[in-house]
Amino acid sequence: MSSNSFGKLFTVTTFGESHGPAIGCVIDGCPPGLAISEEEFRQDLDRRATGKSRHTSQRREADEVEILSGVYEGKTTGTPMALLIRNTDQRSKDYGDIASTFRPGHADYTYWQKYGIRDPRGGGRSSARETTMRVAAAVVAKKWLAERHGVRVRGYLAQLGDMAPAGFDWDAVERNPFFWPCEGQVPELEKAMDALRKSGDSVGARVTVVAEGVPPGWGEPVYGKLDGDLAAALMSINAVKGVEIGDGFAAVAQRGSEHRDEMHLDGFTSNHAGGILGGISTGQAVVASIALKPTSSILIPGRSINLAGEPVDVVTKGRHDPCVGIRATPIAEAMMALVLMDHALRHRAQCGDVGVVAPRIP
């Protein structure tokens, strides 16, 4: 299986399956001298983890990171960093009934057609378990971006089914299990999720991620566009079916006089472009959103076929999320951070001696 690596100068390669002995990643290209310890991975891995509330899968993994290489006396050495997390809470027997059946809406059929073999235990390589290592790698990227450039990456759940935030408060995002920016609506969300779980169905979601402090100039104008790489990275997340940069598809109904972000020496008047013009950062906040489909692992029977080509009804048992978007915020943040660090290093390599070009909008 190819294409398990991404990034050019800051390259991350992930490996492992949902129900294998371990998952891991290799980070190549991290600059030397960054202080990092295993304890620093805990917060973001806990934010992504299942089993933290009744509204997500009840799989409970320890998610303890082992740093196998690339760090000496608490600092990165510039050599490849290998991170490992051992799986501790697999229940492979939950998937025995679907070993010879293709679950509708999953990658079972496409994996079988491509490789002629598949790991049915939790989806194998196509499981969201793989995103744990993206979040782990992004702990390194987030810290480097913050220390070297003052960049802060954070996200929130911007829509759950047909519900949207009635207000916005960044502080509220980390105080509830939904990453929801309006604390007063949390009881309503919990009621809706309880009803959804009892019905055996699932629902989609929208997550928005914002990077503040990104300087102007990151990105490349044609094939290495910052927004193009962001779109590819965000689309690589499980269950993502749409990506928007800035206003995204809302731009279809806007006028040019409305959408263009006018500028003056005191700053931009708006940010419809999401902080990127011509594939290059403007110095404004970089804003992207993802649309996540409702999971197909549900208790409601669905029609499919088995390996013998016979029609079957599929009911997916096990521990699943009624809405995968609830814990997708840290994953979207991770992909944003990894792309930004890669582009920061690429910019430094080619244009690091350009310096500040006047006029510069704050």
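Readers should treat all values here as calculations from the given coordinates under stated rules, not as data from a laboratory. In this text, all values refer to a predicted model and were calculated from it rather than measured experimentally. When we count neighbours, we look across all protein chains shown, and the Cβ atoms used for this are built from the backbone with ideal geometry, even at glycine.
So here's what we get for this one:
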quantity	calculated
Which of D342, D46 has the fewest Cβ neighbours within 10 Å, and the rest in rising order	D46, D342
For segment 129-143, 3J(HN,Hα) per residue [Karplus equation, 6.51 cos²θ - 1.76 cosθ + 1.60, θ = phi - 60°, Hz, x = Gly/Pro]	4, 4, 5, 4, 6, 5, 5, 5, 4, 6, 4, 5, 5, 4, 5
Sum of side-chain charges, A349 neighbourhood, beta-carbon under 12 Å (Lys, Arg +1; Asp, Glu -1)	0
Options (1) 21.6; (2) 22.4; (3) 23.2 - which one matches Kirkwood radius over Cα pairs in Å as calculated here	(1)
Contour excess over end-to-end distance, with Cα ends at H149 and D46 and 0.36 nm allotted per residue	34.5 nm
Long-range amide H partners of I280 with built H, under 5 Å	L226
Mean separation of Cα contacts under 8 Å, 6 or more apart, over the residue count of the chain: relative contact order %	22
Burial ordering of E66, E262, fewest other beta-carbon atoms within 10 Å first	E262, E66
Taking E258, E333 and counting other C-beta atoms within 10 Å, the order from fewest to most	E258, E333
Fully extended contour minus Cα-Cα distance, from W170 to T79, at 0.36 nm per residue	29.1 nm
FRET efficiency for E212 and T88, using Cβ-Cβ distance with R0 set to 45 Å, rounded to 0.05	0.80
Relative packing of 10-17, 146-153, which averages over residues the other C-beta atoms within 10 Å, highest first	10-17, 146-153
Extension gain (nm, one decimal) between V354 and W112, 0.36 nm per residue minus Cα-Cα	82.1 nm
In order through segment 327-335: 3J(HN,Hα) via Karplus (6.51 cos²θ - 1.76 cosθ + 1.60), integer Hz, x for Gly, Pro	10, 8, 4, x, 6, 5, 4, 4, 5
Rh by Kirkwood over Cα pairs, then Stokes-Einstein D for segment 69-188 at 0.692 mPa s and 37 °C, µm²/s	176
